[in-house]
Amino acid sequence: MLMRMYLRWAEQRKFKRDVLDVSVGDEAGIKSAVFQVSGRFAYGYLQAERGVHRLVRMSPFDSDHARHTSFALLEVLPEVEEGVDVTINPDDLRIDVFRAGGHGGRCTEELDAVRITHLPTGIRVSCQNERSQHQNREIAMRILMSRLVEREMAEKARQMAKLKGDHVSPEWGNQIRSYVLHPYKMVKDHRTGYDTSDVDAVLDGELDDLIKAWLTTKIGNDEKPSH
């Protein structure tokens, strides 16, 4: 539901979007997915969406029709452009190649999926979307480089916050937004207080008001004088 929401949002903005990897859940749905959105200020907009999202609904997979709460984490990584100095020692990589079923029109076709593990950090990425092993490896390396850059940026941010004396609250596991479909309908952003009852529109990609509210709040916080 989240992946569809973001791909619809990107489509409405006429951003380029590509699904790079999808891992199917053990019972139903998607366990994890990687997709790329390219467009003017795409990374800046999507930073508003990073964090834990909470869904409350009547589960279609429960014969008792009980209300279920589920969580999903969205990570937003910048694309590494050419010229960025990112050094990866080949000896630090474990590369696994395996056969995986395609999706879409290639549901019966087996593809050469590639999984790359960066041993020093434990970061693991994979790609199975392309037809050739070489293409999947190239895309997986780009994703790995982005994750390493993001890791370095986060470390520098932590160091800067420590120097400034600011308290940094851990966000992992803290919901930033709730999507309630039962017993009433509401989307509420817990960081900004913005809410709307038009859940269907939000899940269909109408995210601009939510993103704008977060950006406005962030700008206000950044402009507050430090003491």
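Every number in this text was worked out from the coordinates using simple rules, so none of it is lab data. Keep in mind that what you see is a predicted model, and the values were worked out from it rather than measured. Quick reminder, even Gly has a Cβ in these numbers, built from the backbone with ideal geometry, and neighbours come from all protein chains shown.
Structure notes:
- Cut-off 13 Å between beta-carbons: net charge of the residues surrounding Ile143, Lys and Arg +1, Asp and Glu -1: -1
- Given R0 = 25 Å, the distance between the Cβ atoms of His65 and Met153 translates into a calculated FRET efficiency of 0.05.
- Applied to region 188-205, the Karplus parametrisation 6.51 cos²θ - 1.76 cosθ + 1.60 on θ = phi - 60° returns per-residue 3J(HN,Hα) values of 10, 8, 6, 7, 10, x, 5, 9, 8, 8, 8, 5, 4, 5, 4, 5, 9, x Hz, with x for Gly and Pro.
- Label-to-label distance, nm, for residues given as Asp209 and Arg57 (7 Å Cα→Cβ offset): 2.0 nm
- Compared with the direct C-alpha span, the chain from Leu74 to Tyr43 gains 9.9 nm at full extension, assuming 0.36 nm per residue.
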